[in-house]
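Working notes, beginning with the structure itself.
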Amino acid sequence: MIVCNSGSYKKLAGDTRNNWVTMMFPTKCRFNCFGKQSHINTCTRAFRDLERFGFEFGDFGFAGNHVHFPINVPKKYSLEDAEIMLKSHSSKKMFEMHPGFRKRYPRGSFWSGYEHHESTGLKNLEESSDYCRNQQLHHGVFVIDDCQQRLLC
């Protein structure tokens, strides 16, 4: 009997699969918290902070009281773990940067318990990104740009 093997037994470095999921998180009681650009920027930065753990994000779509975004979840996290990480970190940052939210959410819960996610393959990733990008137009939301801009010298 001759034993044959196919070659190397090395593990590939890094995650080789794709786990793109489109998520939707509504705010608690569906309050319209994303009417100002500063709130949108804070939430986007909070989500992007988690890229250090291996998450990849597509385009964010804010529609007044909820956010849509495609995300590639690393294989070491389940969808439930990813949701908990995303919601807890972003709500913490929102309360830090905008203390007035404590008046609206005295119990400290910024996101609703509801979430929606659907698998997004590479073929319909562009369709999902277009849907996320056009949320303000789709829902007829006007965002006030209240971010400070630098003065030219």
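Please give the FRET efficiency for D81 paired with T44, using the beta carbon to beta carbon distance and R0 = 25 Å, rounded to the nearest 0.05.
0.75
Give me the number: length gained by fully extending R30 to I144, i.e. 0.36 nm times residue separation minus the C-alpha to C-alpha distance, one decimal in nm.
Gain on extension, R30 to I144, equals 39.2 nm.
Please list, ordered by chain and number, the residues whose modelled amide H lies under 5 Å from the amide H of G64; skip anything fewer than 5 residues away on the same chain.
Those lying under 5 Å, H to H, from G64 are F34.
Accessible area of R30, 1.4 Å probe, to the nearest 10 Å²?
Rounded to the nearest 10, that gives 110 Å².
Could you tell me what percent of the accessible area of the range 74-146 is made up of carbon and sulfur, with a 1.4 Å probe and every protein chain present?
The value for the range 74-146 is 52 percent carbon and sulfur by accessible area.
Could you list the residues of the range 72-96 with an amide nitrogen less than 14 Å from a label point located 7 Å from the Cα of E115 in the Cα-to-C-beta direction?
Residues passing the 14 Å test: 72-74, 77-92.
The values are calculated or read from the model by the stated rules, or taken from the named source; none is laboratory data. Source: prediction; values computed, not measured. Glycine also receives a Cβ, built like all others from the backbone with ideal geometry; neighbour counts cover every protein chain displayed. Note: accessible area is taken over every heavy atom of the protein model, side chains too, but ligands, DNA and RNA are not part of it. Shrake-Rupley method; radii C 1.70, N 1.55, O 1.52, S 1.80 Å.
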